[in-house]
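One structure is given below, encoded as structure tokens.
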Amino acid sequence: MGNSAWKPLGPRLEPGGIPGELFVGEHSAFFTKSHFSEDGTTLWRVSSTGARRWSSPKGWLYSLVDADSVWFGILSQPDPERRGARISKLVRSRDEGRTWEERGVGPDLSKLFAVSEQEIWGLGSELHVSTDGGQTFTRVPLPGERDRISEQLARGPDGTVWLLGPAGLFRISEQGKHWTHESMEGVELKAGGGGILVGRVGEALAVRRDEPGAEWIFLTHRRHLVDAFSVSGDTVRVVTSSVDPFKYGKDLWYHHSEDGGRTWKHVDTDLFKFAISGREWGFGMDFVGQLYGHVPEGR
């Protein structure tokens, strides 16, 4: 599923239109372009015919997630009370990103994860959860220090939420009231979801189901990082990039399994940005600004 297999999504982007971050949800695909001199963001919506300007939130919009056809994002804006400081606001869109409403001033968050329209998780220097759609957040105390870069939030089985990373796996239930921890000795967890984990085992990346007695299945022996991960039933999809792009190349690799990770197809995408979601959605961009992929067309 490199760019030779994925369809081009409209014409090549104009100079200056290079995306910041790419996001794919159940009904929409977006990329952002931040205007730091203007302290704003342009959100572009991507379809099979190309990209078009969609909305312009006042601030720097990042970490977009969707749940139940509702999008949530973090909007960084200047703090009106402290010169040179910034505040983070939780924003919500119920019309696929066309308009945004501010929900509340959140804690120091860099990543969001949405379970539902009401249950929103945020990761920064600490872990927080909101049960009122982002209006207020409550700290979830877990042992150890949080790592906003290496740790990830994901959906676990039976309504649980996973927090995973170098420190292992936290399985969290009832909006943080209960949790368990597994250190995963010898494994550095990179991503997870849908009951499946991916981590570095030695020098290789491998996957396994979160079940007693499950064994790690090697995904790739390339010196790669995990850039994106998606699970839908037995379909497991992983996007990886080189640990050292100057030595091994900058292209992203796409890995696809239809049997829960037992067997894989591997494709060098020739792309350098990529986002995936669910069983089939995903898009990326090559170095000359051409978008490729398969994206939802919206409603």
> What is the Cα centroid distance between the stretch 22-49 and the stretch 162-205, reported in whole angstrom?
Replying inline: 30
> How much FRET efficiency would the formula 1/(1 + (r/R0)^6) give for Gln175 and Asp79, where r is the Cβ-Cβ distance and R0 is 41 Å, rounded to 0.05?
Replying inline: 0.90
> Which of the peptides 252-258, 210-216, 189-195 is most tightly packed, and how do the rest follow, going by the mean number of other Cβ atoms within 10 Å of each residue?
Replying inline: 189-195, 252-258, 210-216
> Among all the lysines, which ones have a C-alpha under 22 Å from Lys58's C-alpha, if same-chain residues fewer than 8 places away are not counted?
Replying inline: Lys33, Lys89, Lys111
> At a Förster radius of 51 Å, what calculated FRET efficiency corresponds to the Cβ-Cβ distance of Thr220 and His35, to the nearest 0.05?
Replying inline: 0.85
> Can you give the accessible area per residue of the chain, in Å², using a 1.4 Å probe?
Replying inline: 48
>> Taking 2.2 N^0.38 Å as the expected size of a compact globular protein, what ratio does the Cα radius of gyration of the chain give against it, to two decimals?
In response: 0.99
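Add -39500 (n - 2.57) for each DSSP H run of 4 or more in the chain, then divide by its residues: what number comes out at 222 nm, to the nearest 500 deg cm²/dmol?
Using -39500 (n - 2.57) per qualifying helix, the result is 0 deg cm²/dmol.
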> Counting alpha carbon pairs within less than 8 Å and at least 6 residues apart, what relative contact order, in whole percent, applies to the chain?
Replying inline: 15
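Given Cα pairs under 8 Å that are at least 6 residues apart, what percent is the relative contact order of the stretch 31-76?
29
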> Toward the positive end of the charge dipole of the stretch 16-114, about the Cα centre and with charges on Cβ (Lys, Arg +1; Asp, Glu -1), which of Phe72, Gly106, Ser34 goes farthest?
Replying inline: Ser34
> Percent of accessible area on the chain owned by carbon and sulfur, 1.4 Å probe?
Replying inline: 49
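Note the full-extension length gain between Lys247 and Lys7 as 0.36 nm times their separation in residues minus their Cα-Cα distance, in nm to one decimal.
Extending this stretch completely gives an extra 83.5 nm.
Translational D (Stokes-Einstein, µm²/s) of the stretch 16-161 at 20 °C and 1.002 mPa s when Rh comes from the Kirkwood sum over C-alpha pairs?
D, rounded to a whole number, is 135 µm²/s.
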>> So for the stretch 1-109, averaging the separation of alpha carbon pairs under 8 Å that are six or more residues apart and normalising by length, what relative contact order in percent results?
In response: 17
>> Using a Förster radius of 51 Å, what is the FRET efficiency between Ser47 and Thr138 based on their Cβ-Cβ separation? Nearest 0.05, please.
In response: 0.85
>> Could you tell me how far the Cα centroid of the stretch 254-299 sits from the Cα centroid of the stretch 89-124, in Å?
In response: 25
> For the stretch 77-214, which semi-axes, largest first and in whole Å, follow from the square roots of 5 times the eigenvalues of its Cα gyration tensor?
Replying inline: 30, 17, 14
> What residues from the stretch 43-60 fall in the zone where the backbone N is under 20 Å from a label point 7 Å along the Cα-to-C-beta line of Glu14?
Replying inline: 43-57
> About the Cα centre of the stretch 1-103, what is the dipole size in debye to 20, counting +1 per Lys and Arg Cβ and -1 per Asp and Glu Cβ, all else neutral?
Replying inline: 200
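The values are calculated or read from the model by the stated rules, or taken from the named source; none is laboratory data. Since the structure is predicted, the reported quantities are computational estimates derived from the model, not experimental observations. Using ideal geometry, Cβ is built from the backbone for each residue, glycine included, and neighbour counts are taken over all protein chains shown. Remember, those area values only see protein heavy atoms, side chains included, never the ligands or the DNA or RNA. Shrake-Rupley method; radii C 1.70, N 1.55, O 1.52, S 1.80 Å.
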